[in-house]
Amino acid sequence: MYPIDPIYTINMNDQQRAWFYAEYERARKDEVIGVLLAIFLGGLGIHHFYLRRDGLGLLYLIFSWTGIPMVIAWVEAFLMPRRVRQYNASQAIYISTHILGAAPGSPAIRCNACGNPVDPTAVFCNHCGAAITRSPLSNQPAF
């Protein structure tokens, strides 16, 4: 049994599911490590760097000489399990979106302006810069 919700792999075949679990195990973070980093190295912002929140980590590092980030980090140690679960869920969504978007035989999303294929998560076309619309109604001809 895999430790994540099967909703992320519902539309995948066995090969895609194995690929998803391999990538997810490589990308996921551990809650206990997050809590320990917040308790012992939180004054330096290491727990934020662990979750790839580099802006906050840098802010804690800059103000570490005041001792205030250490006090805040002790409070944040209680919030770390939820933050790690949110991070893991966002990683699972990201990985499943890319695997399903890269599946052979799946319809490629094309730019309405230039017709080139675009990344399924893109907001703008890399080729012409036009906005990508996701609504199925926008692709229908106007009457």
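Annotations
- Dimensionless Rg ratio for the range 6-106, taking C-alpha atoms and the 2.2 N^0.38 Å reference: 1.34
- Protection proxy ranking, highest mean first, for peptides 122-131, 109-118: 109-118, 122-131, where packing is the per-residue count of other beta-carbon atoms within 10 Å, averaged.
- Peptides 46-54, 68-76 ordered by packing proxy, namely the average of other Cβ atoms within 10 Å per residue, highest first: 46-54, 68-76.
- Nitroxide proxy distance, nm - points 7 Å out along Cα→Cβ at Asn13 and Gln86: 3.7
- Förster radius 35 Å - calculated FRET efficiency between Glu25 and Ile68 (Cβ-Cβ, nearest 0.05): 0.45
A short reminder: the numbers here are calculations on the coordinates, not readings from a lab. Values in this document were obtained by computation on a predicted structure and should not be read as measured data. Cβ atoms come from the backbone with ideal geometry, glycine included; neighbour counts cover every protein chain shown.
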